[in-house]
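Remarks on the structure that follows.
The values are calculated or read from the model by the stated rules, or taken from the named source; none is laboratory data. Treat the numbers as computed from the prediction; the structure is a model and nothing was measured. Cβ placement follows ideal geometry from the backbone for every residue including glycine, while neighbour counts extend to all protein chains displayed.
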Amino acid sequence: MLEHLIQLDRHVFHIINYDMANPFFDSIMPWVSHAQNWIPLYVLIILFCLWKYKKKGLVIIAVIALSAGLADCTCNLVLKPLVHRVRPCRDPATAPTDIARIGCGMGYSFPSIHAADHFATAIVIILIFWRKWRWIWFWGILWAGLISFSRIYVGVHFPSDVLFGMLYGTLIGWLMSRLFKWLQQKQPNCFPAL
């Protein structure tokens, strides 16, 4: 059973990385995949929180940063060393046809830290602000999903790496949003009313 799932994972990887290849994706997905290209968005979120909520906005910023940091650290320090899955660019079964659109990357493949970090960030932002801005669901999931998809397309993660990262990040984001809401009820003077 496990071998069938691994083969399915490799097959879906081949479809996304090889069969879906096109000049548009080839030019945009490597850019999407690099987290540093999203720094202007992160800065915009920080500035918005500070502008709209003043000092209390620091709490929102801290919760968002803690979500991404928790997802990142637990994936990097616990899950990746525990699973030891090689990246598609190093897997003997997929490496010969892998189109590496960026460098192969260091370390192990499972789970995708990009997917976990960005879904943790997106979900905590969505769950904090969704009552005020209903449309934030669409843009948050689209943003995190696009980054996650790009990791398969550029050839550095298998689909299961990304799917688990997305689910794990969603769990972290949800837990951190629950913590935020709980603290907001316990200390209403320290937390912004949203």
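Could you please find all residues in region 22-61 being among the small types (Gly, Ala, Ser) and surrounded by 13 or more Cβ atoms within 10 Å (Cβ to Cβ)?
Start the filter on region 22-61 by keeping residues that are among the small types (Gly, Ala, Ser), which leaves 27, 33, 35, 57.
Within region 22-61, 33, 35, 57 qualify.
Pairs please, first residue from region 180-194 and part of a helix (DSSP H, G or I) and surrounded by 14 or more Cβ atoms within 10 Å (Cβ to Cβ), second anywhere and modelled with pLDDT of 75 or more and of a type in the set (Val, Ile, Thr), Cβ atoms under 7 Å, 6+ apart in sequence or on different chains.
Short answer, once both residue conditions are applied: 180/63; 180/128.
Can you name the number of the only condition in (1) of a type outside the set (S, T, N, Q); (2) over 10 Å from the mean Cα position of the chain (by Cα); (3) surrounded by 18 or more Cβ atoms within 10 Å (Cβ to Cβ) that residue 65 fails?
(3) is the only condition that residue 65 fails.
List every residue pair whose Cβ atoms lie under 8 Å apart, where the two residues are 6 or more positions apart in sequence or sit on different chains, the first residue falls within region 101-125 and is without any contact (Cβ under 8 Å) to a residue 60 or more places away in the chain and closer than 11 Å to residue 151 by Cα, and the second residue, located anywhere, is surrounded by 24 or more Cβ atoms within 10 Å (Cβ to Cβ) and among the aromatic types (Phe, Trp, Tyr).
109/158
When you scan region 126-163, how many residues do you find that are in contact with a Gly (Cβ under 6 Å, 6 or more places away or on another chain) and part of a helix (DSSP H, G or I)? Quick ask: steps written out before the conclusion?
Step one: of region 126-163, the residues in contact with a Gly (Cβ under 6 Å, 6 or more places away or on another chain) are 126, 156.
Adding the requirement that they be part of a helix (DSSP H, G or I) leaves 126.
Of the residues in that region, 1 qualify.
Listed here are the residues, each with its yes/no results for (1) touching a residue at least 24 places away in the same chain (Cβ under 8 Å); (2) closer than 23 Å to residue 167 by Cβ; (3) outside any helix (DSSP H, G or I).
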| position | (1), (2), (3) |
| --- | --- |
| 7 | no, yes, no |
| 15 | no, yes, no |
| 50 | no, no, no |
| 54 | no, no, no |
| 60 | yes, no, no |
| 66 | yes, yes, no |
| 69 | no, yes, no |
| 75 | yes, yes, no |
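Report the residue count in region 1-43 for those that are over 19 Å from the mean Cα position of the chain (by Cα) and of a type in the set (Val, Ile, Thr).
Adding up the residues that qualify gives 3.
Within region 79-93, identify whether any single residue is surrounded by 14 or more Cβ atoms within 10 Å (Cβ to Cβ), at pLDDT below 95, touching a Ser or Thr at 6+ places or on another chain (Cβ under 9 Å) and acidic (Asp, Glu), and answer yes or no.
Yes: region 79-93 contains one or more residues that are surrounded by 14 or more Cβ atoms within 10 Å (Cβ to Cβ), at pLDDT below 95, touching a Ser or Thr at 6+ places or on another chain (Cβ under 9 Å) and acidic (Asp, Glu).
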